[in-house]
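I have placed the structure first, in the form of structure tokens, so that the comments after it can refer back to it.
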Amino acid sequence: MSQQSSLFALIAASFVVAGCQTQQQIVDSMEPDAVHVAQRRGAFEMNCPAATAEMLSKEMIQTPIMNPRFAPPQRAEYTVGVCGCGQRSTYLVVCADGGTGCVAAGSRNVIRQ
């Protein structure tokens, strides 16, 4: 390999590494959308427009790759607590990297007081 092609390979590799986000950066970047989706669903289900949301946990879901040519998108999973009007609920929210939004998969539990 010549010196010029080695330099080109090094430059190309640095662009690839610089353009890639870590999984934690992907999870962090989708967090505001996940909290917003859970807050809106909680406010609707509790009939409480003043409901507020709080991030409880977040992680990247590791999807098994069945076919490397058609890999599924990376997805992040969030647990978001929503409270208001004397009620609390916990929602599981899933967001796909590069997708158009997040889905609040439903409440894990509802505690009414």
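Would you mind telling me which numbered condition in (1) in a helix (DSSP H, G or I); (2) modelled with pLDDT under 75; (3) open to solvent by 100 Å² or more (accessible area, probe 1.4 Å) A18 fails?
Unmet for A18, out of (1) in a helix (DSSP H, G or I); (2) modelled with pLDDT under 75; (3) open to solvent by 100 Å² or more (accessible area, probe 1.4 Å): (3).
Residues that are touching a Leu at 6+ places or on another chain (Cβ under 6 Å), at negative phi and at pLDDT 85 or above: which strands (runs of 3 or more DSSP E) entirely in the range 29-113 hold 2 or more of them?
75-84
For the range 51-102, how many residues are open to solvent by 80 Å² or more (accessible area, probe 1.4 Å) and hydrophobic (A, V, I, L, M, F, W, C)?
Within the range 51-102, residues that are open to solvent by 80 Å² or more (accessible area, probe 1.4 Å) and hydrophobic (A, V, I, L, M, F, W, C) number 5.
The values are calculated or read from the model by the stated rules, or taken from the named source; none is laboratory data. Please read all numbers here as calculations on a predicted model, not as lab measurements. Neighbour counts run over all protein chains shown; Cβ positions are idealised from the backbone, glycine included. These area figures cover heavy atoms from the full protein model, side chains too; ligands, DNA and RNA do not enter into them. Shrake-Rupley method; radii C 1.70, N 1.55, O 1.52, S 1.80 Å.
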